[in-house]
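To keep things clear, I will list the structure first and then write my remarks on it.
Nothing in this text is a laboratory measurement; each read-out follows from the coordinates by a stated rule. Small disclaimer: the values here were computed from a predicted structure and weren't measured. Virtual Cβ from ideal backbone geometry, glycine too; neighbours counted across all protein chains shown.
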Amino acid sequence: MDAQAQENFRQFVAGRSSALLRTAVLLSGGDRHAAEDLLQNALVKAAGRWQRIEEPEAYVRRILYRQQISRWRLKWPRREVTVAELPEGAVAPDASGAAELRLVLRTALSRLTARQRTVLVLRYFEDLPEADVARILGCSVGTVRSTAHRSLARLRELAPELAALDPRPQHPSRDFSPVEVRP
């Protein structure tokens, strides 16, 4: 890699690594250390082909997705241990409601399977169409739809406090107002 390409790579890493790390954290279920490893491996792979990459961010994101897919396809996946409560001092308390919702969402996401989490991150965080998610994951659009549906249902079950963010009415029958019929 020549000096100009090295400088371009350094600028890319400095400018985009925080956004890429957020995606990696979501893909890894909130495990920041695993996310840092995931991003570092993706950047190492991208550095080797840097001069031939036309869209660096898209290329690195695709590496992130594929590496995460490889992790949950391993014959002996790493077992995650879930606990009812976080250990004291693990996260500094934040007074804002948005931060609390992020923590609830992160905890709920970490309790989903890797495949469910990946589909939700690609579909809703990355805002990719179902066809693109299916292409990235190597499955059908119907599989993406059913996995997203089941994943959202499981997420609502794990974190009922997120229902306040759901734009759909919780009880559609209560929102119905009868129309008065005049004879």
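In a fully extended conformation the segment linking LEU162 and ARG73 would gain 29.1 nm over its present Cα-Cα distance, using 0.36 nm per residue.
Each principal axis of the Cα cloud of region 1-72 was taken in turn, and the coordinate range along them, longest first, works out to 36, 21, 16 Å.
Backbone geometry of region 53-65 corresponds, through the Karplus equation with coefficients 6.51, -1.76 and 1.60 at θ = phi - 60°, to 3J(HN,Hα) couplings of 8, 8, 10, x, 5, 4, 5, 5, 4, 5, 4, 4, 4 Hz, x marking Gly and Pro. Each residue of region 111-128 was assigned a 3J(HN,Hα) from its phi angle through the Karplus expression (A = 6.51, B = -1.76, C = 1.60, θ = phi - 60°), giving 8, 7, 5, 4, 5, 4, 4, 5, 4, 5, 5, 5, 6, 10, 6, 7, 6, 8 Hz with x at Gly and Pro. For region 96-147, trypsin sites (Lys or Arg not before Pro) meeting the loop criterion (DSSP other than H, G, I, E, B) and having at most 12 other Cβ atoms within 10 Å: none.
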